[in-house]
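All of the numbers you see were taken from the coordinates with simple rules; none came from a lab. Quick caveat, the model's predicted, so the values are computed rather than measured. Cβ placement follows ideal geometry from the backbone for every residue including glycine, while neighbour counts extend to all protein chains displayed.
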Amino acid sequence: MSGWWAWGAVAALYGYGFFQRVAPSVLVDELRTSLLVGTAAVGGLSALFYVSMALAQVPAGTLLDRFGARRVLTAGSVLAALGSVAFAAAPNMSAASAGRILLGLAASVGFLGCMVVATRVLPPHRFGLAIGLAASIGMLGAMVGQAPLRLAVDALGWREAMAAVTLVPLLLAIACLMLIPRNRSSQEVQADSPAASGERLDLRSMLKRRSIWVCGIVSATLVLPVNVYAGLWAVPFLQEVRNFPASLAALAASCMLIGFGIGSPTAGWLATRTGRPRALLVGAFAVMYCIFVMLVYGPPLSRSFVYLLMVIAGAASGAMVLGFGLASRGVPEDRRGLAFGMANLVVLGFSALGQQASGYVLEVVAHQDLMGPHGTYGSALLLVVGAGVVGLVLTRLLPSTG
């Protein structure tokens, strides 16, 4: 049971990272007024979190392997507190940017830490469930960073509300220091894994492992509709193409996120029970992309049916967590942090590129009726469908059992 407590502290840090990731979306007006900047600058400020987090994935994984989860996650929690204070107290755009960069760097160890700690303090058959639960906690953090944060901002002011949450990472730093066991030495790891002890464990050899990159691409393309459609274009698409009111369009987008939070631990549990993660991933691709094509290119559907389909699609995309388990197969324990970082770098990179590329297509083909009644959104979201086909094909390279 103590292992779950240690893992829970890290999962809470991951949830806090998600909270900070989405927080600017409800602070747009306050940030423009306080920092004297425009909307584009606020968007850039928000993006700094993603950029710093993505660039830090491989270094973060290496640090987790080299210094151990206890030290790195404690330091990451302290860094999150510093970033929170810097952002809340920022007198200008430069200081706010520094705070967002610190928060992104701190968040880079959250999900990786969940996976590393799970492999070291939990039974192997609980890994899939643990990672699925971590994804759900991340979604919960994102939900707290929306309506509840808005209520706190209205009651206290944005600086006061953001400063108050600094207490969370400080408490998590203490929890990580007390609950996470010390890292085992490399000699102990190699003694337990004699087959791996003769293998080169340097960064270059790890970067050449094709299987890790394939797992990352499979996970990235399965969750791409969530990150690109639900995370960016679902609301305007449903408003402009399906005539949804703004509030109901936002509810529909949230349904896909809720489904993801449900599907992630369910996929982990099913993979443990069946021992067939590849079959589950293939089924998840089929469900996700059939529904996605129906929602974007199909005839108008009732709003209640759209909500249901969004939940089911989100649940199917939750199976992306299985790719991380497969990415660590055959990797020595003292290199799993790096393996997870490599796979997560692909997921984050695909999300960023997907949003950027779809936005570019929308701008280029604006006012051109290339997809009939579906307008320019249909053209832009074809990129997501194409990526899904690539991901489905690559599942053939994954091991059939695990």
Please find, in a Gaussian network model of the chain (springs between Cα atoms separated by less than 10 Å), the residue of 124, 332, 181 whose mean-square fluctuation is greatest. 124
Take every Cα pair under 8 Å in the range 2-179 that's 6+ residues apart, average their separations, divide by the length, and report that relative contact order as a whole percent. 41 percent
For the range 281-293, just list the computed ³J(HN,Hα) in residue order, Karplus coefficients 6.51, -1.76 and 1.60, θ = phi - 60°, integers in Hz, with x standing in for Gly and Pro. 5, 4, x, 5, 4, 4, 5, 4, 7, 5, 5, 4, 5
Given +1 on the Cβ of Lys and Arg, -1 on the Cβ of Asp and Glu, and no further charges, what dipole in debye does the chain carry about its Cα centre, rounded to the nearest 20? 1000 debye
In whole Å, what are the extents of the range 204-397 along the principal axes defined by its C-alpha atoms, from largest to smallest? 52, 35, 26
Can you check what the net charge comes to around residue 157, using other residues whose Cβ is under 14 Å from the Cβ of residue 157 (Lys, Arg +1; Asp, Glu -1)? -2
Net charge around residue 4, counting only other residues with Cβ within less than 14 Å of its Cβ (Lys, Arg = +1; Asp, Glu = -1)? +2
Give the Rg/Rh ratio for the range 95-167, taking Rg as the radius of gyration of the Cα atoms and Rh as the Kirkwood radius, to two decimals. 1.09
Along the range 259-267, what does the Karplus equation 6.51 cos²θ - 1.76 cosθ + 1.60 (θ = phi - 60°) give for ³J(HN,Hα), rounded to whole Hz, x for Gly and Pro? x, 4, x, 7, x, 4, x, 5, 4
Report ³J(HN,Hα) in whole Hz for each residue of the range 348-358, in order, from the Karplus equation J = 6.51 cos²θ - 1.76 cosθ + 1.60 where θ = phi - 60°; Gly and Pro get x. 5, x, 5, 5, 5, 5, x, 5, 5, 5, 5
Consider the candidate values (1) 25.5, 87; (2) 23.2, 99; (3) 20.9, 64; state which one is Rg and Dmax of the Cα atoms in Å computed from the structure displayed. (3)
I need the peptides 109-115, 70-76 ranked by packing, meaning the mean over residues of other C-beta atoms within 10 angstrom, with the highest value on top. 109-115, 70-76
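Is the shape of the range 228-289 rounded, prolate or oblate, going by the alpha carbon gyration tensor and its root eigenvalues a ≥ b ≥ c, with a/c under 1.5 for rounded and a/b larger than b/c for prolate?
The shape class here is prolate.
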Under 10 Å, Cα contacts only: if you run a Gaussian network model on the chain, which one of 246, 387, 319 comes out with the highest mean-square fluctuation? 246
Report the percentage of all Cα-Cα pairs in the range 2-179 whose separation exceeds 21 Å, rounded to a whole percent. 45 percent
Might you report the magnitude of the Cβ-based charge dipole of the range 204-397 about its Cα centre, with Lys and Arg at +1 and Asp and Glu at -1, to the nearest 20 debye? 900 debye
